Amino acid sequence: MSTPEHSADPTSTDAWASMRRTTQARIGLGRAGNSLPSRRVLEFQAAHAAARDAVHQPLDAATITDTLADLGLGTPVTVTSRAADRGQYLRRPDLGRVPEDLSQLTESGAEVGIVIADGLSPRAVVDHGHGLVTALLDAFDGRYSIAPPVIATQARVALGDHIGQALGVTTLIVIIGERPGLSVADSLGIYLTHLPRPGRTDADRNCISNIHPPDGLHYDIAAQITAALVDGARKLGRSGVALKDTTRQAELENLDGADELTIDS
């Protein structure tokens with residue numbers, strides 16, 4: 001979507017300015033002849049470079065271990081997938097779904113396991129991992145026993161199924177860096193799987209995405225939804241398509257015509 005570039009008239013106003021404050025999308029970019037203004041082209045190139053950097057930046061597992069040390073969950077264990085390096089991880093998604101070695105993991109006897117995985121944006125884990133795990137612990141409020149966290153590198157979501165089985169947890173939460181876009185390069189996602197084991201599919205999981213305050217979902221809201229899903233999964237005995245997020249149901253019921261709405265997620 002484009003509009004004429006701003007006039008040289010100092011009294012002219014940018015009609016898109018107020019709307020830009022409500023979205024990270026590129027709107028009202030302007031026009032310089034038959035092309036975009038140079039400033040907009042440079043902004044696009046900078047965003048593209050940030051997204052590429054976020055994908056290729058390796059996760060500093062030692063730093064993540066240090067940042068989690070004050071949460072009282074025990075010493076994190078670091079594992080990796082069969083992808084040998086970042087290049088192979090990007091070319092071979094299948095290798096990111098299976099572990100190289102999980103011999104350092106033992107039965108935890110815990111109800112909930114937490115995996116912090118680099119995914120496609122290790123930067124997101126560095127920026128938001130500690131804050132999100134802290135919010136999760138607050139939302140659980142001591143209701144569940146939690147295994148020492150596992151840090152997974154070169155990891156896809158399904159790697160968590162192997163880790164959850166090795167830990168012997170009832171419910172597994174995978175916190176993972178989401179694929180960067182041209183407006184957001186540091187977004188986290190949460191994938192929840194009840195009774196994790198190899199062979200689980202996306203239909204067996206619940207996903208909470210776009211976690212990157214202040215512009216995306218806040219840690220506290222993501223944690224509240226996750227806690228409600230854990231509660232629901234334990235009652236239902238499964239997760240995925242059969243498990244719905246009802247945390248916003250009360251808000252919807254207060255809307256006019258709420259009796260005509262259905263809660264799908």
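Numerical summary
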{"read-out": "Extended-chain gain in nm, criterion 0.36 nm per residue less alpha-carbon gap, Leu182 and Asp60", "value": "41.6 nm"}
{"read-out": "DSSP bridge pairs, the chain: antiparallel proportion in percent, nearest 5", "value": "50 percent"}
{"read-out": "Cα gyration tensor, the range 96-207 - rounded (a/c under 1.5), prolate or oblate", "value": "oblate"}
{"read-out": "Helix runs (DSSP H) in the chain reaching 24 Å along axis by Cα, Kyte-Doolittle at least 0.5", "value": "122-140"}
{"read-out": "Charge sum, other residues only, whose C-beta stays under 14 Å from Arg123's C-beta, Lys/Arg counted +1 and Asp/Glu -1", "value": "-3"}
{"read-out": "Long-range amide H partners of Ile114 with built H, under 5 Å", "value": "Ala147, Val150, Ile173"}
{"read-out": "In nm, spacing of pseudo-spin labels at Ser35 and Val98 (7 Å Cα→C-beta vector)", "value": "4.9 nm"}
{"read-out": "Theoretical ellipticity at 222 nm over the chain - DSSP helices of four or more residues, -39500 (n - 2.57) apiece, nearest 500", "value": "-10000 deg cm²/dmol"}
{"read-out": "Compactness of the range 61-247, expressed as Rg and Dmax over alpha-carbon positions, Å", "value": "14.9, 42"}
{"read-out": "Computed lengthening from Arg52 to Arg20, 0.36 nm per intervening residue step minus Cα-Cα distance", "value": "9.1 nm"}
{"read-out": "Ordering of 43-54, 21-32 by burial proxy (mean other Cβ atoms within 10 Å per residue, highest first)", "value": "43-54, 21-32"}
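Every number in this text was worked out from the coordinates using simple rules, so none of it is lab data. Since the model is a prediction, treat every value here as computed from it, not as a measurement. Here the Cβ is made from the backbone with ideal geometry for all residues, glycine too, and neighbour counts use every protein chain on show.
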